[in-house]
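The values are calculated or read from the model by the stated rules, or taken from the named source; none is laboratory data. All figures in this text were calculated on a predicted structure; none of them were measured in a lab. Using ideal geometry, Cβ is built from the backbone for each residue, glycine included, and neighbour counts are taken over all protein chains shown. Only protein heavy atoms, including side chains, enter the accessible area calculation; ligands, DNA and RNA are left aside. Shrake-Rupley method; radii C 1.70, N 1.55, O 1.52, S 1.80 Å.
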Amino acid sequence: MSSHEAAIREALDDKGVVVFCSELTETGMLKTAAQARGQPYREVRMGMGDAAMRERFHALQAMTGHKTLPQVFVDGRFVGGLQDYLDPPQAGAAGLGPEARTWVQRLSYAGLLPFAFGVLVLLFAAVDSATGRFFSLWLMAYGAVILSFLGATHWGMSLARGTGDVRGLVAAVIPPLVGWLALLLLPWAGLPLLLLGFLGWWLYERRAAGVLQLPDWYQQLRFRLSGVVILLLALATLRVWVA
């Protein structure tokens, strides 16, 4: 590895957005977009009047296959030029048409109904009765399934990006493990574990939204869904604890 390649890789150790640009590159839009997405932002200026910097630029070209500046990296992963970062390729949820998006929203909200029904019954049934025990397990089983579904969604995203996103693949297997562990516990411990699982996954999605290139409408949808699920599981947990 040349000294120029080493310098480039060292610059990419930073999390967030790293932009390699010339002294004349206008980067205001990139900085504004990164701030809106909650991503740390840093620029590496490459003055073409310096022979050593021109050599470093050629090393950057060889690494990315991209011939011009600016070149944008997110969490060490090359995403392209200015427009590639501002308007990422329309794939997955980002590229859904209006009708498909509507169905995603309808099906997602419909997925809240088993949670709501289970909690409603549990609030009015004796927890130690047959009905109470059944609907405690109902909530735990359904919660484990949905948590596993969320992890599988991100597994598919990581595979579709095809960028060797090992961290995304590792993160995707955590929700089903949490759901499985919850099912091995009694409701007084399993329900709060599921609650923490949904809360933790929502926080992860917020942190990884820029890397995953999740569209704003999907992030808002996930925020609302997660909020309702966490609230319902909190009610169920309190009901079991105070019984």
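Which of the residues that make up region 116-145 are in a helix (DSSP H, G or I) and open to solvent by less than 40 Å² (accessible area, probe 1.4 Å)? Across region 116-145, the qualifying residues are 118, 119, 121, 122, 132, 135, 136, 139, 140, 143, 144. Residues in region 57-75: is at least one touching a residue at least 12 places away in the same chain (Cβ under 8 Å), in a loop (DSSP other than H, G, I, E, B), of a type in the set (A, V, I, L, M) and closer than 18 Å to residue 219 by Cβ? Checked region 57-75: no residue is touching a residue at least 12 places away in the same chain (Cβ under 8 Å), in a loop (DSSP other than H, G, I, E, B), of a type in the set (A, V, I, L, M) and closer than 18 Å to residue 219 by Cβ. Residues being at pLDDT 90 or above, within 15 Å of residue 236 (Cα to Cα) and touching a helix residue (DSSP H, G or I) at 6+ places or on another chain (Cβ under 6 Å) are entirely absent from region 69-80. Does residue 233 qualify as being assigned to a loop (DSSP other than H, G, I, E, B), in contact (Cβ under 8 Å) with a residue 60 or more places away in the chain and surrounded by 15 or more Cβ atoms within 10 Å (Cβ to Cβ)? In short, no. For region 32-48, residues that are of a type outside the set (Asp, Glu), in contact (Cβ under 8 Å) with a residue 12 or more places away in the chain and surrounded by fewer than 17 Cβ atoms within 10 Å (Cβ to Cβ) total 6. Residues in region 65-78 that are among the aliphatic types (A, V, I, L, M) and open to solvent by 30 Å² or more (accessible area, probe 1.4 Å): how many? Within region 65-78, residues that are among the aliphatic types (A, V, I, L, M) and open to solvent by 30 Å² or more (accessible area, probe 1.4 Å) number 1.
Picking from residues in region 19-40 that are closer than 23 Å to residue 59 by Cβ and either of a type in the set (A, V, I, L, M, F, W, C) or part of a strand (DSSP E or B) (or both), the one that is modelled with the lowest pLDDT is 24. Residues of region 95-115 that are touching a Leu at 6+ places or on another chain (Cβ under 9 Å), closer than 14 Å to residue 229 by Cα and open to solvent by 40 Å² or more (accessible area, probe 1.4 Å): 109 alone.
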